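Since the structure comes first, as structure tokens, the remarks are kept for the end.
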Amino acid sequence: MSGSGADPTGRSRIPFARYKGEAENALLAAGFPGVYIFRPAYIYPVEPRKEPNFSYQLLRGIFPAFRVLFPNQVIRADDLAHAMVDVAVHGTEERGGSVFENRDIRTMVESLIARR
């Protein structure tokens, strides 16, 4: 799992983006038969927990509105898990790629729900 904003060029001035991009490139170059990179945005923790700082407390509080206003910037932890397991079990033939942005992950989840 990577993160939204990862920079595969490795030239970002933002360390998070640069390091995530470098890690992605290393995995892709390692020669594994299949590499699936997930780049979720904010992952909403479904189970209640003690939030580590104020920004997490704030995001948890405004998540319902944020999910409506910016649906491609958030994903529930359980939805992310379902999409990752589905890709690991069934592969990605119909999805046509190995790097999945938050929007792609949400589309996978919608497809899983439609198949139920």
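Overview of results
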{"read-out": "Accessible area per residue in Å² at 1.4 Å probe, computed on the chain", "value": "65"}
{"read-out": "About the Cα centre, charge dipole magnitude for the chain (Lys/Arg +1, Asp/Glu -1 at Cβ), debye", "value": "360"}
{"read-out": "Distance histogram in 10 Å bins (all Cα pairs of the chain, percent per bin)", "value": "13, 38, 36, 13, 0"}
{"read-out": "Positive-end extreme of charge dipole, the chain - chosen from Ile14, Ile37, Asn72 (charges on Cβ)", "value": "Ile14"}
{"read-out": "Sulfur and carbon atoms: percent of accessible area, the chain [1.4 Å]", "value": "59"}
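The values are calculated or read from the model by the stated rules, or taken from the named source; none is laboratory data. Keep in mind that this is a model prediction, so the values were computed, not measured. Don't worry about glycine lacking a Cβ; one is built from the backbone with ideal geometry, like all the others, and counts go over all protein chains shown. Calculation scope for accessible area: heavy atoms of the full protein, side chains included, ligands and nucleic acids excluded. Shrake-Rupley method; radii C 1.70, N 1.55, O 1.52, S 1.80 Å.
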